[in-house]
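Q: Here it is: the structure, laid out below.
The values are calculated or read from the model by the stated rules, or taken from the named source; none is laboratory data. Just so it is clear, the model here is predicted, and its values are computed rather than measured. Here the Cβ positions follow ideal geometry from the backbone for every residue, glycine too, while neighbour counts run over all protein chains shown. Side chains are part of the model used for accessible areas, which takes the heavy atoms of the whole protein and leaves out ligands, DNA and RNA. Shrake-Rupley method; radii C 1.70, N 1.55, O 1.52, S 1.80 Å.
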Amino acid sequence: MLAACVAVFYHPDDKRYQSLNGKKTIVPLYEFSVPIMADKRVDPDKGSGLVMSCTFGDLTDCEWQKQYKLPIKEAIGKDGRMTKISGKYAGMPITKAREAIIEDLQEAKLLVNKKAIKRAVNVHERCGTPIEFIHSKQWFIKYLDLKKDLLKWGRELNWHPLHMKNRYDNWIKGLQWDWCISRQIPFGIPFPVWYCKECDEIILADEKTLPVDPTTDKPSVKACPKCKCKDFVPESDIINTWATSSLTPQIVQTLSSVNPKKLFPMSLRPQAHDIISFWLCNTVVKSQLHHKTNPWKDVAISGWALDPKGKKMSKSKGNIVEPQKIIEQYSADALRYWSASSKLGEDMPFQEKDIITGEKFSNKLWNASNFALSHLKTYNQKEKLLCGFDHWLLSKINTLITNATEQFTQYEYAQARLGVDMFFRQTFCDDYLEIVKDRVYNSDRRGVAEANSGRYTLYHSLLSCLKMIAPIMPHVTEEIYQAYYKKHEKNKSIHITDWPKELTVDKTYEKKGDRAIEIIHKVRKFKTDKQVSMKAPVILTLDQKDKTLLKDFIEDLKAVTSAQEVKFDNTLQIDLVD
Ligand SMILES: [Zn+2]
Ligand SMILES: [Zn+2]
């Protein structure tokens, strides 16, 4: 870089060099002279305490060039090779030139000291090649002066999870350049700009004629307004992808025929954490600059799907799992079920067994729904009385609705999924379906009102479960809805029905029902231990204390445990009938 040397700097407090102020020094090998200047950005403890400044050495060099109006000298060309000004090294790649120049310095006995140092070098994120600054014309959006506003706009967003706001703040605080939006690659959105061939005047396209490609379309003026020249050069740069994707809310707005005005500002930006600096931040910038408002109210930041070993998936490493294949092999619902298990903001390794769990859950939804709905063929929705276990289940589902609503509102879909999943498997399928079966099968023996109470409960609890899991498993829930609920609920699709509402029930039944469930589980365990069928008849002796508590549960309890008789005594006892 000696060829590009434009000045030598020292720290103004550095007594060793204060006497050199205003003097000049000769650049070795090249023999031209450069000024010696004082600047506070020099670290006097680093090396000799003297810094050689080349126009494009690093960011400080660029700042010095601007501040002290130093000449612009380019030692490295766009091809990554040394330029003409480097003399005999011209055409050499950077590393080769570095070796050659050290050799020459040594030969000329100009090298007084040489030691290995460690320093941070900016590299290309994909291939690790060190980055060199080069001189080129680019398009920028000016925002370095808006740091304070940018931080304020970030505070005005509702962050889910909150700690992701730190990434936004750190990015803003660390900004050193305005936003460079131009790229020199063939594909992308063109800048609608021409230049006057004579005076370089910038000619912008008429907004009404957009989109415009200046390489094929004619400029908006016949002659340059400045010099009357009639020849124009089209801008060949394209707009960087983040500069266009930062307009997604506005683009989506133009695509909607329904209330486009209502769509902006939007309620939510869901995205992953790796592009907070690019996509999220830039969308805020564009929205604020164009519309003086944030583009959305909430942001929900998800994590990454990692490979099974917890490593980042990448094409070059060959550890990619293709979603399309998973969808074909299992189902979209199974894949969604898995991805909805990720905690907001946290990465999650991909495990095929979790997809299988999703597939099984989808099957369970389908089978259990078919079973439940097969009892609802001749049913009208009006309930007159509710049995104990029906109060119990609906009370539980009310709690589930409250929780899931809150969790979805906070974008904690993983918690909502877990809650509905557990409820459906355990409370609904394992417990309630087994209990209500006898009542809805045998209305002649158990009573029509009792059967209808069960049907009412089945209808509403299943529908609520389906609605709550529908955002995560949209296909299987829609299929079930279409097959049965549509004709009762009137909405064309489950996805446009109202969110489940809590039903009026007697909450006191929840505790009583829990006690009854406890007894059922004990009987099941007893039969498992004795290695007999779940249908094996027993005589059930309950604790006297439970008599009043369980009075509305006895008939169901009897049926589900296959108890021939339920008695009351001092303690709980289960006896097999021989
Ligand atoms: Zn690279
Ligand atoms: Zn002109």
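Q: Set the Förster distance to 25 Å, then compute FRET efficiency between Lys173 and Leu289 from the Cβ-Cβ distance, nearest 0.05. Mind showing how you got there, number by number?
A: Values: r = 20 Å, r/R0 = 0.79.
Using R0 = 25 Å, I get an efficiency of 0.80.
Q: Here's another thing I want to ask about it. If amide hydrogens are placed 1.01 Å from N in the peptide plane, which non-local residues have theirs closer than 5 Å to the one on Phe232?
A: Answer set, sorted by chain and number: Lys197.
Q: Based on the mean of other Cβ atoms within 10 Å per residue, sort peptides 559-570, 190-201 so the most packed one is first.
A: So the peptides 559-570, 190-201, ranked by packing, come out 190-201, 559-570.
Q: Still on this structure: In sequence order, what are the phi-derived ³J(HN,Hα) couplings for segment 324-331 according to the Karplus relation 6.51 cos²θ - 1.76 cosθ + 1.60 with θ = phi - 60°, rounded to whole Hz, with x for glycine and proline?
A: 3J(HN,Hα) across segment 324-331, in whole Hz: 4, 5, 5, 5, 5, 6, 9, 5.
Q: For the chain, report the % of Cα-Cα distances exceeding 46 Å. Could you put the intermediate results ahead of the total?
A: On the way: 73761 of 166753 pairs.
The calculated P(r) of the chain puts 44 percent of pairs beyond 46 Å.
Q: Also, I was wondering about something else. Using just the alpha carbons, could you tell me how many Å³ per residue the convex hull of segment 511-576 encloses? List each step's numbers first, then the result.
A: Values: hull volume 4.5 nm³, N = 66.
It comes to 68 Å³ per residue, whole-number rounded.
Q: Return the percentage of antiparallel bridges among DSSP beta bridges fully within segment 511-576, rounded to the nearest 5 %.
A: Here the share of antiparallel DSSP bridges comes out near 40 percent.
Q: Gain in length, Asn442 to Arg126, computed as 0.36 nm per residue apart minus the alpha-carbon separation, to one decimal in nm?
A: Here the answer is 106.9 nm.
Q: Under 5 Å between amide H atoms, partner at least 5 residues away or on a different chain: which partners does Arg269 have, H built in plane at 1.01 Å?
A: Long-range HN contacts for Arg269: Asp298, Val299, Ala300.
Q: Continuing with this model, one more query. Find how much the distance from Met534 to Gln426 grows on full extension, using 0.36 nm per residue of separation minus their present alpha carbon separation; answer in nm with one decimal.
A: 37.2 nm is the gain from fully extending Met534 to Gln426.
Q: Could you state the angle between the C-alpha long axis of helix 165-174 and the longest principal axis of the C-alpha atoms of the chain, as a value from 0 to 90 degrees rounded to the nearest 10?
A: 0
Q: Right, something else. Stretch Leu418-Gln544 to full length: gain in nm at 0.36 nm per residue minus the Cα-Cα span?
A: Net length gain for the segment: 41.6 nm.
Q: Let me ask something additional. Apply the Karplus parameterisation 6.51 cos²θ - 1.76 cosθ + 1.60, with θ equal to phi minus 60°, to every residue of segment 454-469 and state each ³J(HN,Hα) to the nearest whole Hz, in sequence, with x for glycine and proline.
A: Working through the residues one at a time gives x, 5, 4, 5, 4, 4, 6, 5, 5, 4, 4, 4, 4, 5, 6, 8 Hz.
Q: Between His163 and Ile26, what is the spin-label point distance in nm, taking each point 7 Å from the Cα along the Cα→C-beta axis?
A: In this crude label model, His163 to Ile26 measures out at 6.1 nm.
Q: Roughly to the nearest percent, how much of the accessible area of the chain is carbon and sulfur, given a 1.4 Å probe? Before the final figure, lay out each step's value.
A: Values: 17930 of 33590 Å².
Here it works out to 53 percent.
Q: Now for a different question. So what's the back-of-envelope 222 nm ellipticity for the chain, counting only DSSP H runs of four-plus at -39500 (n - 2.57) apiece and dividing by all residues, rounded to 500?
A: The per-residue figure over the chain is -11000 deg cm²/dmol.
Q: Return the FRET efficiency for the residue pair Asp498, Lys109: r is the Cβ-Cβ distance, R0 is 60 Å, and the value is rounded to the nearest 0.05.
A: Step by step, r from the Cβ atoms, then E = 0.10.
Q: To test your reading of the geometry: what angle, between 0 and 90 degrees and rounded to tens, separates the Cα axis of helix 94-107 from the longest principal axis of the chain?
A: Once rounded, the angle reads 40 degrees.
Q: Over the chain, with the other protein chains present, what is the accessible area per residue in square angstrom, probe 1.4 angstrom?
A: 58
Q: Set the Förster radius R0 to 22 Å, insert the Cβ-Cβ distance between Lys364 and Thr405 as r into 1/(1 + (r/R0)^6), and round the FRET efficiency to 0.05.
A: So the FRET efficiency works out to roughly 0.40.
Q: Using packing as a proxy for protection, rank 468-479, 103-114 so that the peptide with the highest average count of other Cβ atoms within 10 Å comes first.
A: Numbers: 468-479: 20.7, 103-114: 10.3.
Most protected by this proxy first, the peptides run 468-479, 103-114.
Q: Over segment 485-578, what relative contact order in percent results from Cα pairs under 8 Å that are six or more residues apart?
A: Over segment 485-578, the number comes to 29 percent.
Q: So, one more: Provide the per-residue ³J(HN,Hα) series for segment 504-514, in order, calculated from phi with Karplus coefficients 6.51, -1.76, 1.60 and θ = phi - 60°, each as a whole number of Hz, with x at glycine and proline positions.
A: With the stated coefficients, segment 504-514 comes to 6, 9, 8, 5, 5, 6, 5, 5, 4, x, 4 Hz.
Q: Applying a 10 Å radius around every beta-carbon, put 118-131, 291-304, 79-92 in order of their mean neighbour count, most first.
A: Descending mean neighbour count gives 291-304, 79-92, 118-131.
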